[in-house]
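Asker: Quick one: structure below, then a few questions.
The values are calculated or read from the model by the stated rules, or taken from the named source; none is laboratory data. The shown structure was predicted, so the numbers you read here are calculated from the model rather than taken from an experiment. Because the Cβ atoms are built from the backbone with ideal geometry, glycine has one as well, and the counts that use them run over all protein chains shown. For the accessible areas, the whole protein counts, side chains as well, though only heavy atoms, and no ligand, DNA or RNA atoms are used. Shrake-Rupley method; radii C 1.70, N 1.55, O 1.52, S 1.80 Å.
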Amino acid sequence: MGIAPNETEIVGSWVTVDGRMTEDDANHRITLLIETDLRHLATSKDGWEKLYRDTQDGRYWELTYYLSEMQGGGPRALLLANPRIIQEKYGIQVD
């Protein structure tokens, strides 16, 4: 169930089921990955973005809310993190 080597993003969405907004499968997968395969390293100064490292392959992932104007920040996305962004945003030097 981990993240495949060729994946660079996992983007969640909200869907309507029986007249109610709910998380889609991608959002549920993000939750599972955070609980099982990703190790939290840092949180952005504003608290909305978090940096994780995949315990399986060592890649860095950023959890973000890409529709932040929505209630509660909207759906989540896990994006493969750029080393320059990791250094600038989180102050962590990566190889």
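Asker: Taking the conditions exactly as written (loosely packed, with under 12 Cβ neighbours inside 10 Å and among the small types (Gly, Ala, Ser)), does GLY12 satisfy them or not? I'd like the intermediate steps shown before the answer.
Answerer: Working: loosely packed, with under 12 Cβ neighbours inside 10 Å: no; among the small types (Gly, Ala, Ser): yes.
So GLY12 does not fit the description; no.
Asker: Look through ILE86, ILE10 and report the one residue that is in a strand (DSSP E or B) and under 14 Å from the mean Cα position of the chain (by Cα). Outline the logic, then answer.
Answerer: Numbers: ILE86 fails: in a strand (DSSP E or B).
Exactly one residue qualifies, and that residue is ILE10.
Asker: Across the range 15-40, what is the total count of residues that are open to solvent by 50 Å² or more (accessible area, probe 1.4 Å) and under 11 Å from LEU63 (Cα atoms)?
Answerer: 1
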